[in-house]
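Written below as structure tokens is the structure these notes are about.
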Ligand SMILES: [Zn+2]
Ligand SMILES: [Zn+2]
């Protein structure tokens, strides 16, 4: 367990200018960010609640490697979703509007394809950070047989302003928050080009919010952490924080949430 003081310094390293930025959600609505007054940087990954995290000797970073096609069958942020035929474009449980497509994660060994959607219709008003409130949706689709998800009734849907492909880079160590600035220093690039990590342990900005699977009621497996990326204009709105993707492969379910 790290002490908070050291963790705050590392938070400043990774976030660069972002840590100075106000929460976009708080700016754009009358609500304050639900997380902004809590202490940052608690390292709570581990055996909390018996969740299935395991020690690893390396971190798989997701590094921005430039733009890719909107329907590319690869891990990417932005673009448009691939889904099984007959899938309906998901809607927000609060505002009933169509969700924005955020990311597609192609899991190794043909374990499936995760699709993440989030409400961007009324930022801050639809609990879009919550893993359970219905202001976002995540799906664990099969690895193959996916087709472009038709736009609902041919309507326009909100898309992120960029389609970002990723390169997977293995970094030694067990701590994502150390691996990201270490990669940036080694590569001579910005930490803003770290789009997250695949597998490993979540780096919680707040408390552990690992959801239970609605199918089997067991804690879901941490699958990926996502960051907003190098450019706020085209970024998903995680309140300048980090997002977390979970799956339960036996139940073919996924969940998503974010903290700031
Ligand atoms: Zn909504
Ligand atoms: Zn389950």
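Overview of values
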| read-out | value |
| --- | --- |
| Odd one out for residue 123 among (1) farther than 24 Å from residue 167 by Cα; (2) in contact with a strand residue (DSSP E or B) (Cβ under 8 Å, 6 or more places away or on another chain) | (2) |
| Residues within the stretch 75-132 that are assigned to a loop (DSSP other than H, G, I, E, B), closer than 16 Å to residue 243 by Cα and within 16 Å of ligand 2 (Cβ to nearest atom), tallied | 2 |
| Number of the condition not met by residue 256 [criteria: (1) more than 18 Å from residue 113 (Cβ to Cβ); (2) within 16 Å of ligand 2 (Cβ to nearest atom); (3) outside any loop (DSSP other than H, G, I, E, B)] | (1) |
| The listed residue being at pLDDT 95 or above, assigned to a loop (DSSP other than H, G, I, E, B) and away from ligand 2 (no atom under 16 Å from the Cβ), out of 174, 197, 225, 206 | 206 |
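The values are calculated or read from the model by the stated rules, or taken from the named source; none is laboratory data. Since the structure is predicted, the reported quantities are computational estimates derived from the model, not experimental observations. With ideal geometry, Cβ positions are generated from the backbone for all residues, glycine too; neighbour counts draw on all protein chains shown.
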